[in-house]
Amino acid sequence: MRIFFIRPVIHGKSPFSPDKNHLHHRFLRLGFTHFQTTLIILIVNSILIVTTFWFRNYDIHIQLGILLGLGIMLYSIYFIYDWLATLKRA
């Protein structure tokens, strides 16, 4: 969803055009290895899958809210790490 927003709105490109703005490219730019990047994405997705099973009996709207909130929080860790790394370099 992030790519489908960033490409057309910020860069003025088609959401289907290739670029290096995917999450895994951004982790690699921060200095993580391919293995570390894959592991981070695997762990985050596993947490989201387990959360889905825990809340499977809740109302679908509550499930969506929980997953969106948790997903945003988990994937925002990258941006916080990037911001801290930028501060450290300055």
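Only one of (1) open to solvent by 50 Å² or more (accessible area, probe 1.4 Å); (2) assigned to a helix (DSSP H, G or I); (3) of a type outside the set (Phe, Trp, Tyr) fails for Leu74. Which number is that?
Status for Leu74: all satisfied but (1).
Out of Ile49, Ile72, which single residue is under 14 Å from the mean Cα position of the chain (by Cα) and not small (Gly, Ala, Ser)? Steps first, please.
Numbers: Ile49 fails: under 14 Å from the mean Cα position of the chain (by Cα).
Result of the check over Ile49, Ile72: Ile72.
Just to be sure before I move on: is Phe32 exposed (fewer than 11 other Cβ atoms within 10 Å of the Cβ) and either at pLDDT 80 or above or not in a loop (DSSP other than H, G, I, E, B) (or both) in the structure I sent?
Numbers: exposed (fewer than 11 other Cβ atoms within 10 Å of the Cβ): no; either at pLDDT 80 or above or not in a loop (DSSP other than H, G, I, E, B) (or both): yes.
In short, no.
The values are calculated or read from the model by the stated rules, or taken from the named source; none is laboratory data. Computed from a prediction, not measured in an experiment: that's the story for all the values here. Heads up, the Cβs are rebuilt from the backbone with ideal geometry, glycines too, and the neighbour counts pull from every protein chain shown. Accessible surface areas use protein heavy atoms only, side chains included; no ligands, DNA or RNA. Shrake-Rupley method; radii C 1.70, N 1.55, O 1.52, S 1.80 Å.
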